[in-house]
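Asks: Can you read through this structure? Questions will come right after.
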Amino acid sequence: MKNKLEEIRKKRGLSQEELAELLKVSRQTIGSIENGRYNPSITLAFKIARCFKMSIEKIFIYEEDKDEY
Amino acid sequence: MNIKKEKTFFVVLLILGAALILAGIIIDHLSEFDTEGILSGLGGGWVIISWFKLYQIKKHPDRYVKEKTEASDERSIAIRGMASYCTFLLSLILFAILALIFTYLNYTLPAVIAGIAFFIQFVGFIVFVFYYRHKL
């Protein structure tokens, strides 16, 4: 899933390590989410949104798979 | 993550390990029963692990917390889940192949054992699928 996590994180002046510490996850998890290799759980997505005081939709971009239908 | 709880757990494990070592020595030397060093060995393992963990917690608490967080974060759990599933499939295939090979070579007992192992894993998988299907 595409997301703007890296862009938002850098705007707030946070490193991956710092964000990981705030969310109580590993730095590798943040890295994997940012490059789209791993989709966070709904709980983690909410925590990320709350951390940045934004809605989930502003951070994570859901695009329907055209091949699904 | 509660570091105090972790400390308590490993202190308890250390004491239990020491008690097991003592119990093993007493049973081996003072009774006719021979544990063949199993109790002492188990206790020794617990003592070494808990000593090492308590040392880590004392000397590098931040690193310890970081390692525990990394081990228990959702991505690590997802990775372990996927790896477990792949390993399960691999062992299922392996037991099936072994059962066939042993049957071909006329080794009856190993073939039966491999076949039973395959059957138990397969049935266990079906049972867990039904269980989690109802639970979730």
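Asks: Once each part is reduced to its C-alpha centroid, what is the distance from chain A to segment B:51-129 in angstrom?
Replies: Result: 31 Å between the Cα centres.
Asks: In nanometres, what is the gap between the two model label sites at B:Val127 and B:Ile15, each 7 Å from Cα along Cα-to-Cβ?
Replies: Modelled inter-label distance: 3.7 nm.
Asks: Further, regarding this structure: What does the net charge come to around B:Trp51 if you take all other residues with beta carbon closer than 15 Å to its beta carbon, with K and R at +1 and D and E at -1? If you can, show how the numbers build up before the last one.
Replies: On the way: positive: B:Lys7, B:Lys53, B:Lys58, B:Lys59; negative: B:Glu6.
Neighbour charge sum, excluding B:Trp51 itself: +3.
Asks: If you don't mind, another one. Counting partner chain Cβ atoms within 10 Å of every residue's Cβ in A:19-32, what's the average?
Replies: Values: counts 0, 4, 3, 0, 2, 5, 7, 10, 4, 5, 7, 2, 1, 3.
Rounded to a whole number, the mean comes out at 4.
Asks: What is the Cα convex hull volume of the protein assembly as shown when expressed per residue in Å³? Let's see the in-between values first.
Replies: Values: hull volume 46.6 nm³, N = 205.
Convex hull volume per residue, Cα atoms: 227 Å³.
Asks: Another question about this same structure. Using only the Cα atoms, what convex hull volume per residue in Å³ does segment B:69-136 have? All intermediate terms of the calculation are to be shown ahead of the outcome.
Replies: Details: hull volume 6.2 nm³, N = 68.
With only Cα atoms used, segment B:69-136 gives 91 Å³ per residue.
Asks: Could you give the length gained on full extension between B:Phe119 and B:Leu100, defined as 0.36 nm per residue of separation minus the Cα-Cα distance, in nm? It would help to have the intermediate numbers written out before the result.
Replies: Working: separation 19, 0.36 × 19 = 6.84 nm, distance 1.34 nm.
Difference between extended and current length: 5.5 nm.
Asks: For segment B:3-71, take the convex hull of the Cα atoms, compute a quarter of its surface area, and give me that in nm², please. Can you show the working numbers first?
Replies: Working: hull surface 19.7 nm².
Result: a mean projected hull area of 4.9 nm².
Asks: Give me the net charge for the shell around A:Lys11: Cβ to Cβ below 14 angstrom, other residues only, Lys and Arg +1, Asp and Glu -1.
Replies: Numbers: positive: A:Lys4, A:Arg9, A:Lys10, A:Arg12, A:Lys53, A:Lys58; negative: A:Glu6, A:Glu7, A:Glu18, A:Glu34.
Summing Lys/Arg as +1 and Asp/Glu as -1 gives +2.
Asks: Something else about it: Kindly write out, for segment A:50-57 in residue order, the coupling ³J(HN,Hα) from the Karplus curve 6.51 cos²θ - 1.76 cosθ + 1.60 (θ = phi - 60°), rounded to whole Hz, with x marking Gly and Pro.
Replies: 5, 4, 9, 6, 9, 7, 4, 5
Asks: OK, next. Which residues' amide hydrogens lie under 5 Å from the amide hydrogen of A:Asn3, considering only partners 5 or more residues apart or on another chain, with H built in the peptide plane?
Replies: Hits under the 5 Å cutoff: A:Ile61.
Asks: Through the Karplus equation 6.51 cos²θ - 1.76 cosθ + 1.60, θ set to phi - 60°, convert the phi angles of segment A:7-24 into ³J(HN,Hα) values in whole Hz; use x for Gly and Pro.
Replies: 4, 5, 4, 5, 4, 7, x, 9, 8, 4, 4, 5, 5, 4, 5, 5, 8, 6
Asks: Using a Förster distance of 25 angstrom, determine the FRET efficiency expected from the C-beta separation of A:Arg12 and B:Gln56, and round it to 0.05.
Replies: On the way: r = 33 Å, r/R0 = 1.30.
After rounding to 0.05, the efficiency reads 0.15.
Asks: Can you work out D for segment B:2-136 in µm² s⁻¹ from Stokes-Einstein, where Rh is the Kirkwood radius over C-alpha pairs, the temperature is 20 °C and the viscosity is 1.002 mPa s?
Replies: Working: Rh = 19.4 Å.
Value of D from the Cα-based Kirkwood radius: 111 µm²/s.
Asks: What is the mean projected area of the alpha carbon convex hull for segment A:2-54, to one decimal in square nanometres? Show your work: numbers first, answer last.
Replies: Details: hull surface 12.7 nm².
For the Cα atoms of segment A:2-54, the hull's average projected area reads 3.2 nm².
Every number in this text was worked out from the coordinates using simple rules, so none of it is lab data. Just so you know, these numbers come straight off a predicted model, no measurement behind them. So basically every Cβ, Gly included, is an ideal-geometry build from the backbone, and we count neighbours across all protein chains shown.
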